[in-house]
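Worksheet for the structure shown next.
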Amino acid sequence: MLSPIYKLSKEWIPNCNLFIKREDLIPFSFGGNKARKAKYFFEEIIKENITSVVTYGSSSSNHCRVISNLCVKNGIKCYIVTPNQQKKTYNTMLCSISEANYVYSEISKVSITIDDTINSLNKMGENVYFIPGGGHGNLGTEAYVECYNEIISFENENDIEFDKIVLASGTGTTQAGLICGAYINNDDLSRIIGISIARKKDYATNVIKDSVVSYLNKDFHNNINLIDKYIGEGYGYFNEDMITLLKEVYKYEGIPLDLTYTGKAFYGMQDIYKENKKNENILFIHTGGTPLFFDSLEEIK
Ligand SMILES: *Cc1c(COP(=O)(O)O)cnc(C)c1O
């Protein structure tokens with residue numbers, strides 16, 4: 001097990017046993033779902049004797065923090081293509097410690113900038129590997145099939161079944177992996193519930209579906225549970241209630257959430273099930289982002 005599962009102490013959802021899987025405690029580079037995905041990318045990167053990694057992400061990117069850290073650890077150069085308006089965050093500071101090179105780009109020119117960066121590194125004789133933003137792709141999906149298998153092991157060992165598995169959904173790769181895991185194990189797919197942090201339902205579910213089809217390599221027509229009710233104005237948007245909840249979860253559980261991903265998803269989960277009458281076992285996947293917890297504290301003070 002790469003990360004622990006346990007029951008929370010307070011009744012955050014009426015009548016329910018709420019469990020948490022602490023992906024934020026994956027033991028390297030401050031963990032999170034980007035760390036679990038990166039493990040798979042680096043297995044390939046190390047096998048292929050890569051000398052330079054190119055990836056993409058904004059200043060709040062947990063992905064870039066993890067990738068740059070694993071690059072420097074393995075003696076590989078790291079190039080991060082990033083939008084022009086770069087905010088200073090704990091993640092960008094950690095990228096700097098990890099000696100990442102930033103390549104700035106206008107948002108509309110990102111894919112050209114990525115191609116140019118890869119081409120010029122190739123010309124310099126580098127062996128280049130590109131990691132899609134957020135660790136999107138079959139390797140990222142595979143990482144969350146493994147996570148799903150860990151959840152099943154926990155269920156079997158503890159003689160429990162989760163009625164719902166709730167998580168923050170961004171690019172949807174994490175959710176796609178969990179869906180593939182459920183599919184492969186003949187489990188009920190509808191128990192996997194993504195709370196979208198920015199994307200509208202139609203677009204987001206299409207991307208998830210594409211990831212599932214690409215990984216399973218077969219048609220997929222099942223319904224995907226994705227709730228886009230909490231996106232507000234989109235990526236990075238949060239409200240006062242989310243701030244209150246972030247403080248409470250830290251006070252009563254000692255768990256850091258953030259206002260971009262996990263805090264938004266936890267808030268959405270609580271809101272959706274606040275009138276729940278059934279006695280259910282719910283698992284919340286804490287997808288990580290500890291440095292964003294500290295950025296969140298600075299925003300709310
Ligand atoms: C990236 C991220 C997500 C979203 O993961 P996707 O696989 O892109 O859907 C959720 N939570 C945190 C903390 C993240 O960093």
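The values are calculated or read from the model by the stated rules, or taken from the named source; none is laboratory data. Because the structure is predicted, anything quoted here is derived from the model rather than measured. Here the Cβ positions follow ideal geometry from the backbone for every residue, glycine too, while neighbour counts run over all protein chains shown. For the accessible areas, the whole protein counts, side chains as well, though only heavy atoms, and no ligand, DNA or RNA atoms are used. Shrake-Rupley method; radii C 1.70, N 1.55, O 1.52, S 1.80 Å.
If you go through the stretch 155-176 and keep only what is more than 21 Å from the chain's Cα centre (by Cα) and either over 27 Å from A198 (Cα atoms) or near the ligand (Cβ under 9 Å from one of its atoms) (or both), you end up with E155, N156, E157, N158, D159, I160, E161. Taking each residue of the stretch 78-101 that is farther than 23 Å from D115 by Cα and looking for partners that are open to solvent by 80 Å² or more (accessible area, probe 1.4 Å) and at pLDDT 95 or above with beta-carbon atoms closer than 6 Å, six or more apart or interchain, yields Y90/F294. Summed over the stretch 76-114, the residues that are open to solvent by 80 Å² or more (accessible area, probe 1.4 Å) and not in a helix (DSSP H, G or I) give a count of 8.
Candidates in the stretch 115-145 are the residues that are over 26 Å from S60 (Cα atoms) and in a helix (DSSP H, G or I); of these, the one that is least open to solvent (accessible area, probe 1.4 Å) is S120. Tally up the residues in the stretch 15-28 that are assigned to a loop (DSSP other than H, G, I, E, B) and open to solvent by 20 Å² or more (accessible area, probe 1.4 Å), please. The qualifying residues number 3.
Across the stretch 169-184, the number of residues qualifying as of a type in the set (S, T, Y), part of a helix (DSSP H, G or I) and within 19 Å of G134 (Cα to Cα) comes to 2. When you look at I224, is it more than 19 Å from G236 (Cβ to Cβ), aliphatic (A, V, I, L, M) and open to solvent by less than 60 Å² (accessible area, probe 1.4 Å), yes or no? Yes.
Of the residues screened, R191 is one that is of a type in the set (D, E, K, R), open to solvent by less than 20 Å² (accessible area, probe 1.4 Å) and modelled with pLDDT of 95 or more.
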